[in-house]
Each structure stands twice: as C-alpha cells, then as structure tokens.
Amino acid sequence: MASSLVESLRFRVPWFDSAITPANLLLVSLGLLTLRQIVRLLKIYRSSSHFPTTFTAFQPFVLPGLLVPTTSWSTGFDWHWIRRFQTYSNNNNETVRLVPLLSGIPGLWTSNMEIGRQIASGGHRSSFIKPPESNGVFLQWGMNLAASEGLVWRKHRRVVGPAFNTELYKLVWKKTMETYRDMVEVEGWKNKDVVDIPVIQAITLKFAFLLISSCGFGFPSTWDAPPQAADGGMPVQEALKIVADTTILHLVVPKWLTYLPIQKLKDIRISRERLSGFMHEQVAERKAKVAAGDLSADAFTMLVKANQDESTKYQLDDAELIGNIFLFMFAGHETTAHSLAATFGYMAIHQDIQDEVVEQIMSVVGPDRDPHFDDYSKLDKVLAIFYEAARMFPAGHALIRMAEEDTVLTIPNPVGEEGSQTIPIPKGTEIIVDMIGVQYNPRYFPDPHMYKPSRWYGLPTDSELFTAFSVGPRACIGRRFATVEATCLLALLLRDWKVLPILRDGETKEEWGARIMDGRIVITLGVSNIPIQLVRRTRV
Ligand code: HEM
C-alpha cells in the first residue's frame, strides 16, 4: 500500500525523487511532531478552560522561566510566593490555569487540598506522576523513594517505611540533646548571658545537617570541625557537607570541569568519589552487622535491616539503598533547617507566645531535667510553634505532577456551596499543588497571614489536618524525624534562652518582622536571613 503510494507520487511529481533527502525527512518528522505537540497543548488548553487563566511569558520551574524574575508580566520560580495573596483571591477560584505565551506548556495551579489529595497523595495506582525531569536533583546517587513511581515506588516504600520507626525517633531525640549541648559548648555560649546571632540559618542548617549525618547516615558528628581521616584523605563528614552544599552545582557543572585545578570544582568530584567508596563499604559492613544481630538505630542500618528482612523479590540493590540514604539528606536537611529558622523568627516577634510555650516546657519537663522522648507528645505547644512556622513558610512549596493517562478530577464547589464538579483531565496535563496557596487558603485558615500556633494546640502529632508535609501514602516519610528534632531542640533552647530580634536603630518589632520574614526559594522555601539575640533566662 505504502509502496504503491510512493510509486504513484513518483509518477505524478517529477521532482519527487530529489525531494526525499535525509534533511527533508527530518524536517517533515519535526513538523509532524510539532503539530502533534500543538494538538496536545490545544487539548490541554481547551479541557482546562473551566479555570480562570493567567497569561505569562514563561512557564515557571523550566528554563528560561527559572531565570526570569517574577514581574507583572512573568511568573518566575517564586511567583506563587510573591502573589500568594492575589492569585486565587483575584480570580475568585482556588485553581487557576497558567498559560505561558513564549515558552513552556499550560499548567493548572491549585490551592485546594482536596484536589491536592487526588493529585499528589500517590500510592502505586495513581493516574498522576512526578514528571521525570523534576527528579534530577534526587537521582544523583541512585533510584529512591522520592523519584520512583508505581510498583517501583511500592518496592522502595516497603523497605524505607520500616526504617522510620520509634528506635530511630528516640535516637533523633538523644542526638538532638547531645548536639545542642555540643553547640552551646563549642560556640562559647556557656559563659555568656547574651548571644547575638547575625543569621540564625547558619545555626539551624548546621544543626539539621549534623542530625541527618548522625541519625540518617550513622556518622559520628560533632559541632567542631570533623576529625581528620586516618588515611590523610578528605574526612567523610567533610565530603558529606560538600556533597550537600554542591547538589545543584553538580547538576549543572560538566564533569570535565571538575578536573581543572580549581579547588572548589575539584572538591565536587573528590567529595563524591570519597563518599561513594565509603558508602559501598558501609553497606557491606552493615549487612554483616545486621546478620550478626549487632544493630544501631540510625536510618542507614535500619534500611539495611529492613531490606534483609524482605523477600528477594522486593529487595533493593546497593545503589538503591545508597540512593535512599542520600535522599534523606536532600529531603530532610534544608526543609527542617528553614522551618526551624522561621520558628525562631516568629518567637522573636511574639514574646507572648514564647512565654506561653516556655510555661508548658516548665510544666512538662521542669527547669533542670533532660527532656525525655516520652515528653514529645506532651509538648504540643512547642510542636505548634514549629507547625505554624512551617505552614507560613512551607519548605516543600510545590508538588509537581503530570497526568499519566486521561483521567478526571473532582473539584469542590466554592466555600458555602455544597457539592462538587467532575472535569476531564487529558494525559500530559501538568498540575501543581501550590503548597503556599494551600497554606494561605482562607477555606482552611481564617486570617492565614497571621502567625497563630494555637491553631495546632492539642492536635494529634501525625494528624493530616496539618498538610505542609503533604497527605496520603506519598506524604513526607520524614515528618516525625523533623518534628521530633524540632520539638526537642526548641524545648531545650527556649527553656535556657529568651529569643529577641536584633533591631535596627529606631525599628519596631513589627517593622523588623515585615523586613525579615520574607520568603526566599532556592529549591525549598525558606526565610531570608534572620538576625536574633539570645538572652539567658534567669531561673527563680
Ligand atoms: C520541615 C521539614 C520537612 C518538610 C516541610 C517536608 C515536606 C515534604 C513534602 C511536602 C513532601 C511531599 C513531596 C511530593 O510529594 O512531591 C515530602 C516528601 C518526602 N520527604 Fe519530607 N519534609 C520535611 C522533612 C523531611 C525529613 C527530615 C526527611 C528524612 C529524614 C524527609 C524525607 C522525605 C522523603 C523521603 C519524601 C518522599 C516520600 C515519597 O515520595 O514517598 N523529609 N516532604
């Protein structure tokens, strides 16, 4: 059939033979692909016409949109933070369609968590997946829980799930206490009554890093510089720090550049080589220890144990085990540190809330004894100040998904109207659960712009009413790790110190708050640099 068509064309079109060149075939194929893409985009565009449209120059989160700041005509990577009070209220809808005119594809952005639940809560049968291109940052060490989908995700979840257990959380509690004491000693706060901290993030980032190092990787870690390696090479703790700090750089720097005699670039390669060798040795060592029943409670050992306990069909290989351990570093380090920093910022502004929380710490723990892991669930006001800061600055600010097949969404009617509507969603539609939009949605939070930890008082610790860790099977597996660490650190620090803002001349606390408590997105959402002062509390 095809050959007779070619023959008849050859007969009727004299220049036919000379027209079939590789270049022309390539052009025609490209044309057909472009046409297919246009038809697909039109289908997505038409099907989402249910929602109000915001036009923009570029799609955010994708080059060149990533490089263009948010302005009135363009949505940069932080547009959902900058326009958090306008996007949904101006459109009178909890979901909007963002249509890029110059580059990118149209996408839906929603601030409604019932829609979010349908899209992002996952499980292995979901019609929505994370677009593969959004997983680059997670995939530098091996397949893992966050980057996988479907049955592969289920396999990872079966092994990773049991590693997050009470023994691990007790270890987090213990290491938080040790690290706090170590920090006070090394920073020289022990003999001071007033400590000025120009950027609290320098402290919280280091703290969260050491906690992941010790409780995730099982590395001995101290607030002081890491001990020198016996072989004179780069200490593994230092290698881990460089790896954590250069994640993005490693994605964009070509490998050959890391062979140039520029120390910073060389370090990217050397730290990775050092850690890779070390981690493979560690897997072997831990397998032997687990087999001998010699267990420590860090997530790495627990992961190896959970893997050994699985039937062979579901076991992860060494690269996948290592991929998951590094995932804990990427997913759990900055997120926890930023949320802690925001908590300190709000404590500095709200002395009344700080006093109320210290009262609870005193009544549960008392003035002198070490807090116990059993105190965790009783310190609900301490957890609440962390939750409320994490609500106002949700570190995981956007859950990006794509429809893997033609499907439907149930859209709840506006507040005050019963019922919902079902709308079709064609394959390929990108939907973003705007976690900033969700956390500032008045449907869920009256006065969403106000810091009110009392919203969370008395809430069971794992309640899904708190949504900044996401919800459902695909919610944050490190939630309890983060909240146990935060509760213990805040209880210790607030019991010893009063947190105050470092004000400029003539500045009020409110002005300080307006100047300082602004969002900054570098992969995760955090607050801009927060300067605080600690003043030792006098005990009566
Ligand atoms: C305040 C701190 C944290 C916040 C706000 C946070 C937030 C989130 C959110 C919103 C998700 C869902 C992402 C998505 O579906 O696209 C997530 C997933 C995840 N988080 Fe966290 N996280 C925090 C701390 C941690 C910690 C401490 C760890 C590990 C020790 C961790 C490990 C993970 C992992 C492994 C996933 C992927 C789960 C899966 O795909 O099944 N997170 N986190």
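The values are calculated or read from the model by the stated rules, or taken from the named source; none is laboratory data. All of these numbers come straight from a predicted model, not from anything done at the bench. Using ideal geometry, Cβ is built from the backbone for each residue, glycine included, and neighbour counts are taken over all protein chains shown.
Inside the stretch 114-135, residues that are surrounded by 15 or more Cβ atoms within 10 Å (Cβ to Cβ), part of a loop (DSSP other than H, G, I, E, B) and basic (Lys, Arg) make up a count of 1.
Condition check ((1) outside any helix (DSSP H, G or I); (2) among the charged types (D, E, K, R); (3) surrounded by 21 or more Cβ atoms within 10 Å (Cβ to Cβ); (4) not assigned by TED's automatic domain parsing to the domain that holds Leu493) across all residues:
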| residue | (1), (2), (3), (4) |
| --- | --- |
| Val159 | no, no, yes, no |
| Glu167 | no, yes, no, no |
| Val172 | no, no, yes, no |
| Gly188 | yes, no, no, no |
| Ala202 | no, no, no, no |
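If you go through the stretch 116-125, how many residues are more than 10 Å from the ligand (Cβ to nearest atom) and not polar (S, T, N, Q)? Matching residues across the stretch 116-125 total 3. Applying the condition of being within 9 Å of the ligand (Cβ to nearest atom) and in a loop (DSSP other than H, G, I, E, B) to the stretch 431-470 and asking which residue is farthest from the chain's Cα centre (by Cα) yields Thr467.
If you filter the stretch 244-275 down to residues that are in contact (Cβ under 8 Å) with a residue 40 or more places away in the chain and surrounded by 15 or more Cβ atoms within 10 Å (Cβ to Cβ), you find that the one that is nearest to Asn135 (Cα to Cα) is Thr247.
Number of residues in the stretch 379-424 that are assigned to a helix (DSSP H, G or I), of a type in the set (Asp, Glu) and more than 16 Å from the ligand (Cβ to nearest atom) equals 1. Mind checking whether some residue in the stretch 126-143 is in contact with a Phe, Trp or Tyr (Cβ under 8 Å, 6 or more places away or on another chain), near the ligand (Cβ under 10 Å from one of its atoms) and either of a type in the set (A, V, I, L, M) or assigned by TED's automatic domain parsing to the domain that holds Gly323 (or both)? No, the stretch 126-143 contains no residue that is in contact with a Phe, Trp or Tyr (Cβ under 8 Å, 6 or more places away or on another chain), near the ligand (Cβ under 10 Å from one of its atoms) and either of a type in the set (A, V, I, L, M) or assigned by TED's automatic domain parsing to the domain that holds Gly323 (or both).
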